[in-house]
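The structure under discussion appears below in the form of structure tokens.
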Amino acid sequence: MILGWMTYTILMGALGILAAHGLENAARVLGKPSRWIWFASLVATLAVSLTALYQSVGMAIRFIPRRHGATWLDGPASSYIKLYNSLEHWDIYLSPLLWVSSALTAAMFAVAIWRLVQRRRAWQRTSLDGHSVLVSEAEGPAIVGFIRSAIVVPKWALAESERIRSLIMAHELEHQRAGDHVLSALALVVTIAQPWNPAVWWIARRLRVALEVDCDARVLRRGSDPRTYGLLLLEAGSRAAGCRMPVPALSRPLSSLEERLQIITAERRSGRLRAARLALVAAMVLATAAFVPEPGALHCMLEWLGFKVNISASY
């Protein structure tokens with residue numbers, strides 16, 4: 001049943017979000033990067049979802065006893081099988097809708113990227129503090145291109161002081177070295193694969209924020225002044241508040257800038273015990289996810305174990 005599979009996928013994504021939040025907070029306490037946590041959550045959500053299409057997922061079904069005579073499971077199992085069978089007729093409608101949603105999302109991203117390519121043709125290539133960059137009217141600072149990436153900076157950045165320009169270049173070069181544009185491209189692919197899954201959109205958004213937070217940390221570790229760097233983030237964000245680019249960028253929406261500034265200005269405290277507690281909570285969430293069965297697999301298992309629909313059962 002497609003509806004059951006979709007519900008299971010969204011639930012697994014939600015549990016993945018809870019676990020990733022716990023691990024992200026633990027990583028921040030320890031001063032470790034968090035982008036890989038969200039990327040792993042995104043990949044795991046898709047992988048578990050695709051696996052559930054072809055084989056049973058969830059350890060709970062292994063503990064259901066074989067039916068020998070009447071048991072306390074007869075009522076719940078009968079109600080579940082009856083409910084499952086009644087919803088299967090939605091498959092003929094949901095199957096084409098899933099393909100259409102992916103096609104529309106792919107078209108939306110394709111149009112956005114095509115428009116970006118068209119605007120890129122008008123950008124001039126120049127050298128900024130010894131680095132080759134593209135100069136735009138308003139887009140950037142950002143990395144453009146997924147295979148052969150390039151740094152794009154807006155015209156206003158050229159008029160800034162050498163100190164500000166060096167911070168801008170340091171940020172974008174860190175993105176480029178870390179391959180953040182590749183992670184962003186992979187996030188787009190997963191979003192296209194499951195645009196109907198709100199958990200995928202949430203994880204992709206948190207991944208973009210994590211890319212920026214990790215990049216900020218790397219820049220500051222190189223000796224940059226936190227106050228000057230924070231003011232630069234505010235200026236870049238305010239200047240490009242109306243600019244949307246589907247790539248890692250210094251000029252992220254103001255909603256994420258607040259979080260980034262709070263992290264930059266937060267006092268670093270040693271908290272290994274707190275990090276361990278957060279990691280333990282994340283592990284408990286993941287263990288819960290491992291036991292939750294996919295509805296189709298649970299239905300097949302109940303029938304194989306001898307549970308039948310009781311006509312008098314109600315739900």
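Take each of the peptides 195-206, 119-130, average the number of other beta-carbon atoms within 10 Å over its residues, and list them starting from the highest.
With the highest mean Cβ count within 10 Å placed first, the list reads 195-206, 119-130.
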When the label point is put 7 Å from the Cα of residue 125 along its Cα-to-beta-carbon vector, which residues of segment 140-184 have a backbone N closer than 15 Å? 144-145, 148-153
Would you please give the residues with an amide H less than 5 Å from that of residue 128, counting only those at least 5 places away or on a separate chain, with H modeled from the backbone geometry? 133
Label-point separation in nm, residue 91 to residue 155, each point 7 Å along Cα→Cβ: 6.0 nm
Test of understanding: ordering 79, 41 by Cβ neighbours within 10 Å, fewest first, what list do you get? 79, 41
Whole angstrom only: what separates the Cα centroid of segment 77-126 from the Cα centroid of segment 144-203? 23 Å
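Given the peptides 181-194, 163-176, arrange them by the average over their residues of other C-beta atoms within 10 Å, most packed first.
Descending mean neighbour count gives 163-176, 181-194.
Read-outs: derived from the displayed coordinates by stated rules, not from any lab. This structure is a prediction, so every number in the text was calculated from the model and none was measured. Cβ sites come from the backbone with ideal geometry, for glycine too, and all protein chains shown count toward neighbours.
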